[in-house]
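Contents: one structure, followed by commentary.
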Amino acid sequence: GLRLQDVAVPLVMIDPDAPWAGRFSEVRLDAEATGTLAAETLLAGGAASYAFVPSAPDTQWSDERGAAFSRRIAQAGMTCRVHASDSSDAMWYPEHSDLAAWLRSLPKPCGVFAAMDLRAKSVLEACRAAGINVPMDVSVIGVDNDEMLCENTFPSLSSIMPDFEG
């Protein structure tokens with residue numbers, strides 16, 4: 001099969017994890033700024049609790065976003081709960097996970113930051129399956145501002161637009 005190192009065009013990876021990190025040109029998005037902005041956006045809504053849903057499977061960039069989010073929530077005197085995903089908790093199969101039960105267990109209203117838009121879509125789907133009202137009981141924010149995805153969820157997904165050009 002074709003290997004990335006054999007491609008005869010310039011290749012730039014965005015936030016690569018092992019084994020790709022350091023092997024090609026790469027761009028790293030500002031995880032600290034992203035997590036902090038997500039926290040400040042959700043804190044402005046005055047929720048009773050806050051939570052982070054990492055990517056599935058877990059990645060370094062997701063962990064960094066979650067850590068920045070948790071730090072900012074802690075600075076506001078609140079705690080951040082983190083969903084512990086496992087291999088059965090793939091982002092495109094929320095109905096096969098404990099995500100809905102975990103979301104039900106969170107004190108409401110709750111602000112939930114998902115590591116990326118596709119994961120935020122899973123949170124919205126799990127909320128719907130669990131009978132949780134979005135945005136009254138759970139507010140959700142993702143990252144990437146994927147317009148096709150954000151505009152085709154119900155309710156529409158709020159998302160942080162990374163500074164790809166910067």
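Return the only residue of Pro109, Pro57 being surrounded by fewer than 20 Cβ atoms within 10 Å (Cβ to Cβ) and either at pLDDT 90 or above or in contact with a strand residue (DSSP E or B) (Cβ under 8 Å, 6 or more places away or on another chain) (or both).
Of the residues listed, the single one that is surrounded by fewer than 20 Cβ atoms within 10 Å (Cβ to Cβ) and either at pLDDT 90 or above or in contact with a strand residue (DSSP E or B) (Cβ under 8 Å, 6 or more places away or on another chain) (or both) is Pro109.
Do you know which residues across the range 44-60 are assigned to a strand (DSSP E or B) and β-branched (Val, Ile, Thr)? Write out each step before concluding.
Of all residues in the range 44-60, those assigned to a strand (DSSP E or B) come to 49-53.
The answer is Val53, and nothing else.
If Met91 meets every condition in (1) at pLDDT 95 or above; (2) in contact with a Leu (Cβ under 6 Å, 6 or more places away or on another chain); (3) part of a loop (DSSP other than H, G, I, E, B) apart from one, which number is that one?
(1)
For the range 121-161, give me each residue that is in a helix (DSSP H, G or I) and among the acidic types (Asp, Glu).
Answer for the range 121-161, where residues must be in a helix (DSSP H, G or I) and among the acidic types (Asp, Glu): Glu125, Glu147, Glu151.
Does the range 74-83 contain any residue that is modelled with pLDDT under 95 and either surrounded by 22 or more Cβ atoms within 10 Å (Cβ to Cβ) or in a helix (DSSP H, G or I) (or both)?
The answer is yes; a qualifying residue exists.
Need the failing condition index for Asp63 against (1) open to solvent by 60 Å² or more (accessible area, probe 1.4 Å); (2) outside any helix (DSSP H, G or I); (3) out of contact with any Asp or Glu (no Cβ under 9 Å at 6 or more places or on another chain), just the number.
Here Asp63 clears every test but (2).
I'm trying to understand the selection: among the residues of the range 47-69, which are free of Cβ contacts under 8 Å to residues at least 40 places away in the same chain, out of contact with any helix residue (DSSP H, G or I) (no Cβ under 8 Å at 6 or more places or on another chain) and not acidic (Asp, Glu)?
Hit for the range 47-69 is Pro57, nothing else.
Residue pairs, Cβ under 6 Å, 6 or more apart or interchain, first in the range 100-120 and within 21 Å of Asn145 (Cα to Cα), second among the β-branched types (Val, Ile, Thr) and part of a loop (DSSP other than H, G, I, E, B). List them.
Every condition considered, no pair remains.
The values are calculated or read from the model by the stated rules, or taken from the named source; none is laboratory data. Please read these numbers as outputs of a predicted model, since none were measured by experiment. Here Cβ is always computed from backbone atoms with ideal geometry, including for glycine, and neighbour counts include all displayed protein chains. SASA here: full protein model, heavy atoms, side chains in, ligands and nucleic acids out. Shrake-Rupley method; radii C 1.70, N 1.55, O 1.52, S 1.80 Å.
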